[in-house]
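The values are calculated or read from the model by the stated rules, or taken from the named source; none is laboratory data. Note that the coordinates shown come from a computational prediction; the quantities given were computed from them, not determined experimentally. All Cβ positions, glycine included, derive from the backbone under ideal geometry; neighbour counts span all protein chains shown. Heavy atoms of the whole protein, side chains included, go into the accessibility calculation; ligands, DNA and RNA do not. Shrake-Rupley method; radii C 1.70, N 1.55, O 1.52, S 1.80 Å.
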Amino acid sequence: MHKLDVAFCDTNETYGERFAAYLMEHKAKEFTVHLFPEPELFLQKIKNEKFDLVLLGSGFSEFGEQAVLSGMTVLILSENIPERLSEDNSYLQSGRKLTVIFKYQPMEAILHEMMVVTGGKKAGKESFTDRLTKLEIIGVYSPIGHEMQMPFSMVLSSVLAKQRRILYINLMQNTGFLQLFDSQAEYDIGDLTLRLRRGTTESEQFFQSIYEMGDFSYVAPFRNPEQLGEFQMDDYRKLLAHLEENTKFDTVVFDFGTGIPSIAAFLEECSSIYCPVKEGYFYECQKTEFVHYLEQVKPDGMSERLQFVNLPFTAKGIRGGGNMLEQLVWSEFGDYIRDYLAGDAYGEI
């Protein structure tokens, strides 16, 4: 798969090296970074070569129009929070669009903007969105309502992201996701759903709803839990079709909750279904009832795709502060999940 060539231009070499190190650690499969600490080197380079994306920081902002006129996508890294920009933080210069973002913000936020402006962009002979395999759908659903379902799915996504391009989507009620994971997401699955219904899902608009966390991407959950009940099968299929046809992701991990209407129909689209459970007669009764339900409404053997994962953990010990995902991944809980996956079909990680 063709990587996107990114030119990072900034006279602050320390900032540039840290930026490149972050991309090498988290997005090496998608981006190749070329550092330019001096304007002369950049100007000489673009005489004979084009980059898929150019980020212009200190000492380079005046070259934005020239880069755009050369056919390159440009992000201006401003040292001041832009005040005059519209919602999509872009403006026209000589009839072409430039995008300005604040330089000193979390790398996840800058990476999000990079995804927005490059989503669906052609890169050489190969599309940035090309994939070698069909989109795989992994579902996570706890028939007992296990409190550690979402942490399980987050760790699962993080582990699988070492080898795959993962998108995590949460379809649960009142998850506490935004606060738990210190997410600054402005748009959520509700915004994305409305765009899909209206047919206004051009690449940049679509990727405004996609954010980064560690090695994987995510869509923020519904802020209004009532919207989850309005999320229908048609919305689900439109979302899957768009991801399949217009994005780079090869695997989507869905967290399904009790607010989903006709959960069996949603799970049917999944090649694998992880079901966090607990030991005990009470939970066994719930598990049995769930399997019986699936066998009644989907008698084609869908229940054989279920993988019941016994999670002997509670959320009691979870505390705020720090990077929650990192805490989960490198805790005893994370070790438990990695050990489980090591014996699973996804164990080659």
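Per-structure values
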| item | result |
| --- | --- |
| Rounded FRET efficiency, nearest 0.05, which uses the C-beta distance separating Arg198 from Glu25 and R0 of 25 Å | 0.10 |
| Carbon + sulfur, % of accessible area of segment 136-345 - ligands and nucleic acids excluded, 1.4 Å | 46 |
| Surface accessible to a 1.4 Å probe, per residue, for the residues of the chain, Å² | 47 |
| P(r) weight above 16 Å for segment 208-323, C-alpha pairs, percent | 72 |
| Spatial separation of Cα centroids for segment 256-277 and segment 2-24, in angstrom | 40 |
| Residue-span extension gain [Gln66 to Met107] - 0.36 nm each, minus C-alpha spacing | 12.2 nm |
| Sparse-neighbourhood loop sites, GluC sites (Glu not before Pro) in segment 280-349 - DSSP loop, at most 15 other Cβ within 10 angstrom | Glu348 |
| Percentage relative contact order, the chain, counting C-alpha pairs under 8 Å, at least six apart | 18 |
| Given charges at beta-carbon only (K, R positive; D, E negative), |dipole| of segment 4-118 in Debye | 260 |
| On Cα atoms only, tilt of 281-297 relative to the major axis of the chain in degrees | 80 |
| In sequence order, calculated HN-Hα J values of segment 246-260 (Karplus, 6.51, -1.76, 1.60; Hz; x Gly/Pro) | 10, 10, 8, 5, 10, 9, 10, 9, 9, 9, 9, x, 6, x, 6 |
| Pairwise FRET efficiency - Lys47 versus Arg319, Cβ, R0 = 41 Å, nearest 0.05 | 0.15 |
| Sites Glu79 and Met233 - FRET efficiency at Förster radius 41 Å, r taken between beta-carbons, to 0.05 | 0.30 |
| Helix-only mean residue ellipticity at 222 nm for the chain, each DSSP H run of n ≥ 4 adding -39500 (n - 2.57), per residue, nearest 500 | -10500 deg cm²/dmol |
| Set Lys162/Lys248; Lys3/Lys47; Lys162/Lys298; Lys27/Lys316; Lys27/Lys134; Lys27/Lys278 screened for pairs whose C-alpha atoms are more than 26 Å apart | Lys162/Lys298; Lys27/Lys316; Lys27/Lys278 |
| Leading residue at positive end of dipole, the chain (Cβ point charges), from Leu23, Val100, Tyr340 | Val100 |
| His34-Ser331 pseudo-label distance in nm [points 7 Å out on the Cα-to-Cβ vector] | 4.4 |
| Under 16 Å from Lys29, Cα to Cα: aspartates and glutamates that are on another chain or at least 8 residues apart | Asp5, Asp52, Glu126, Asp130, Glu212, Asp215, Asp250 |
| Cα centre as origin, Lys/Arg/Asp/Glu Cβ charges: the chain dipole, Debye | 500 |
| Choice from His26, His242, His146 with maximal GNM fluctuation in the chain (Cα, 10 Å cutoff) | His242 |
| Built amide H within the under 5 Å cut-off of Thr32, gap 5+ | Leu4, Asp5, Val6 |
| nm² value of the averaged projected area, convex hull over the Cα atoms of segment 222-269 | 3.7 |
| Spatial separation of Cα centroids for segment 323-341 and segment 173-191, in angstrom | 21 |
| Convex hull volume per residue in cubic angstrom - Cα atoms of the chain | 148 |
| Degrees separating the helix 189-198 axis from the principal Cα axis of the chain, which is the longest one | 80 |
| Relative contact order for segment 135-217, counting Cα pairs under 8 Å that sit 6 or more residues apart, in percent | 32 |
| Spin-label model distance (nm) - Gln163 vs Asp339, 7 Å beyond Cα toward Cβ | 2.1 |
| Beta bridges per DSSP with both ends in the chain, % antiparallel, nearest 5 | 20 |
